[in-house]
1. Test each condition in (1) touching a helix residue (DSSP H, G or I) at 6+ places or on another chain (Cβ under 7 Å); (2) at pLDDT below 95 for PRO69 and report the one that comes out false.
2. Looking at LYS142, LYS198 in this structure, which one is farther than 21 Å from PRO69 by Cβ, away from the ligand (no atom under 14 Å from the Cβ) and not hydroxyl-bearing (Ser, Thr, Tyr)?
3. Would you confirm whether or not the range 168-180 contains a residue that is at positive phi and part of a strand (DSSP E or B)?
4. Tell me whether the range 97-119 contains one or more residues that are within 10 Å of the ligand (Cβ to nearest atom), over 16 Å from the mean Cα position of the chain (by Cα) and either of a type in the set (S, T, N, Q) or buried (at least 24 other Cβ atoms within 10 Å of the Cβ) (or both).
5. Of all residues in the range 137-167, count the ones that are exposed (fewer than 15 other Cβ atoms within 10 Å of the Cβ) and in contact with a helix residue (DSSP H, G or I) (Cβ under 8 Å, 6 or more places away or on another chain).
6. Keeping to the range 181-220, report how many residues are assigned to a strand (DSSP E or B) and among the small types (Gly, Ala, Ser).
7. How many residues are assigned to a strand (DSSP E or B) and free of Cβ contacts under 8 Å to residues at least 12 places away in the same chain if we restrict to the range 144-167?
8. Tally the residues that are within 12 Å of the ligand (Cβ to nearest atom) and in contact with a strand residue (DSSP E or B) (Cβ under 9 Å, 6 or more places away or on another chain), restricting the search to the range 65-86.
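The values are calculated or read from the model by the stated rules, or taken from the named source; none is laboratory data. These numbers were taken from a predicted model, which means no experiment stands behind them. For neighbour counting, all protein chains shown are included, and Cβ atoms are generated from backbone atoms with ideal geometry for every residue, glycine included.
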Amino acid sequence: MPPVEPDPDARIRLASLILRLRELGISNRRVLAAIETVPREVFVPEEYRDEAYLDRALPIACGQTISAPSVVAMMTAALEPEERHHALEIGTGSGYQAAILAKLCRRVTTLERYRTLLEGAETRWAALGITNIAGIVADGSKGWPAGAPFDRILVTAAAAVAPAKLVAQLVDGGILVAPVGPADGVQRLTLFRKEGTKVETRDLGAVRFVPLLEGVARNL
Ligand code: SAH
């Protein structure tokens, strides 16, 4: 991939996207700055490049989707990411959300069940000079015990039930954000905060994500 040149039109579109995110009540400056720094157009298929700065989910390879920027911003802000954190993402997809987290955390581990998607994401991170992400082809529904505990866990595919196995991989005081609910319907974005032996849960609203599937993809 050639080096990424800033496109003046893209910068104008990005500025209006940031305005929209502010209007939606997203005020976390570090999160907005990360969204300003990571060019979303690099993460969407060529034919959707003009729509990269609209607040829309878009199709990516392997029948998956890159979430709308407002959803990425909201989920990232809910995660309260800090510079010293090691974050785990489940569902690399295009690699966009991982790139946003990589601007906000010390280290990001991200799991994807499609090798094709992971390889595409790795190419994009390299082109953008992002070096603090480890991408792994794995079934993320089991989390990543070898790297646990994590300060933060972000699940970007819908789990049918609250992901207890993943909450177990959080540090004390850690936060997990995941869409929970049926694959074919609307899910509730849910925040889990682990405090000692207790887990506090908070509802963050309705979302629609592709399902979290078991196992790694056999082809692709
Ligand atoms: N975060 C992505 C969008 C994720 S779409 C982005 O920024 O573009 C959801 C992703 O989760 C898809 O790529 C899908 O293949 C992946 N996925 C679904 N089930 C999974 C599982 N069990 N383990 C790992 N990845 C999974």
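1. PRO69 satisfies every listed condition except (2).
2. Just a single option satisfies the conditions, and that option is LYS198.
3. Yes, the range 168-180 has at least one match.
4. Within the range 97-119 (the criterion being within 10 Å of the ligand (Cβ to nearest atom), over 16 Å from the mean Cα position of the chain (by Cα) and either of a type in the set (S, T, N, Q) or buried (at least 24 other Cβ atoms within 10 Å of the Cβ) (or both)), the answer is yes, since at least one residue qualifies.
5. The qualifying residues number 1.
6. Residues that pass the stated criteria total 2.
7. Total meeting the criteria: 0.
8. 8
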